[in-house]
1. Taking only pairs six or more apart or across chains, which ones have beta-carbon atoms under 9 Å, a first residue in segment 149-162 that is closer than 16 Å to ARG136 by Cα and without any contact (Cβ under 8 Å) to a residue 24 or more places away in the chain, and a second residue that is surrounded by 15 or more Cβ atoms within 10 Å (Cβ to Cβ) and among the β-branched types (Val, Ile, Thr)?
2. Among the residues that make up segment 229-240, is at least one of them modelled with pLDDT of 95 or more, out of contact with any Cys (no Cβ under 8 Å at 6 or more places or on another chain) and within 16 Å of the ligand (Cβ to nearest atom)?
3. Within segment 227-243, can one find any residue that is touching a residue at least 12 places away in the same chain (Cβ under 8 Å) and within 21 Å of SER121 (Cα to Cα)?
4. Residues of segment 151-177 being part of a helix (DSSP H, G or I), more than 11 Å from the ligand (Cβ to nearest atom) and buried (at least 18 other Cβ atoms within 10 Å of the Cβ), which ones?
5. Every residue in segment 85-141 that is over 23 Å from ILE294 (Cα atoms), polar (S, T, N, Q) and within 13 Å of the ligand (Cβ to nearest atom), please.
Amino acid sequence: MHVPTTQQTRLLVAAVCILVMVLVRQFGKQTVTGEPVAPAPGEAFRQRIVAVGDLHGDIHNAKKVFRMAGLIDKRDAWAAGSDIFVQTGDIVDRGGYAIDIYKMMQRLRGEAAAEGGKVVSVMGNHEFMNALSDWRYVTPLDIKQFGGSQQRREAMSIDGWLGQEWLANYSVTARVPMSPFPDAPTLSFTHGSLRPSFSNLTPYPDAINKLGHVLLTRAMTPPLAPPYPPNPYQGLPEGTTKDEQELYGGGGPLWARGLAEGPEDTVCKWAKEIKEKIGVRRIIGGHTPNFEHIVSRCDGQVIIIDTGISSAYGGVLSALEIIYTLTPVPDEDDDNNGHREDPLAPDQQAQSPMEVEPLLRQGGKYIEREEVYAIYEKHRQLLAREVQQIIL
Ligand SMILES: *[C@@H]1O[C@H](CO)[C@@H](O)[C@H](O)[C@H]1NC(C)=O
């Protein structure tokens, strides 16, 4: 038996310190993101969906929000595993750093995909305004960041990096299923408000997105309109159809505010009609800011997530979080054949839907639980909860 030397004691202390640091980091990480990515014990499937509203050129606050919602780590890398992240448009204008946000979104899209996650990007009216050379809300700093007016216009053309990114990876509206299983409940995300009477609401989301793609392509095809101001506004490009005019009009999905501003009973009636027509559980959008909190209407059927995150507005930092889980219900009459598969057998890490699927029994009973939270810097608030038994 020998007494530890000073050096051995130091080594031991160092090892314990490192262990404590690792544990604190691990623990800290889980409290920051709120939810571990893998299913909790008993759950067979878990999907987290995070949505963030208008960012208006403020990369600093954008990062704060993404970090607060557990989407990125300290080094700004994707930290949300197989989560789905939806941004509902208006990245550009008012602030000076839209270019940094677009580049970050582009990078996160790739990083998320590599981990079985997904970044979904929705176009705002301000993306379209810039594509149409409507520069009324562009700041001098933003132009400088792009390297000048000419470079900015080129970036936002069909051959430019941003124009191509918009055409390839952004859409006017997005339908996001909460799980990859048949008949999964879905969410709709649109910058402005959907309207039950909008001519091209169905087939959803393809009709809206086709119109958006065609109009965007035409707007960004040279010769580009000269920026307004100082030049006069040229309006929608030549050849724009009536349906495309309606898409970009005041009652279209890029500009409308009906679901945010209408009286409660009217909005609930619209929500019911829209949900029936397009078959989604919740209608989520930005565009109309409330500087204090995310607005949930009609029991969470309509959720408006623009809280004026950009310092150009000075609202609150916020994100919407939806946690969807499926938990198997043991059958009473299942006792005789006993051995139900353990949904969390250690060799079956539930990572991607492809790997999860075999864990779910065809015809099995599950508790489907969906919880919707507003996340802020200092607290989170439950906005809606839906729990029911389903058969898969
Ligand atoms: C769209 O996103 C994919 C996936 O991250 C990426 O590989 C591709 O380069 C993007 N397209 C454009 C044109 O930026």
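1. Sorted first by the residue in segment 149-162, then by its partner, the pairs are ARG152/ILE99; ARG152/VAL138; ARG152/ILE143.
2. Looking for residues that are modelled with pLDDT of 95 or more, out of contact with any Cys (no Cβ under 8 Å at 6 or more places or on another chain) and within 16 Å of the ligand (Cβ to nearest atom), one finds none in segment 229-240, hence no.
3. The answer is no; no qualifying residue exists.
4. ARG152, ARG153, GLU154, ALA155 - these are the residues of segment 151-177 that are part of a helix (DSSP H, G or I), more than 11 Å from the ligand (Cβ to nearest atom) and buried (at least 18 other Cβ atoms within 10 Å of the Cβ).
5. Selection gives GLN106 alone.
The values are calculated or read from the model by the stated rules, or taken from the named source; none is laboratory data. As the structure is a computational prediction, the values presented were derived from the model and not from experiment. Using ideal geometry, Cβ is built from the backbone for each residue, glycine included, and neighbour counts are taken over all protein chains shown.
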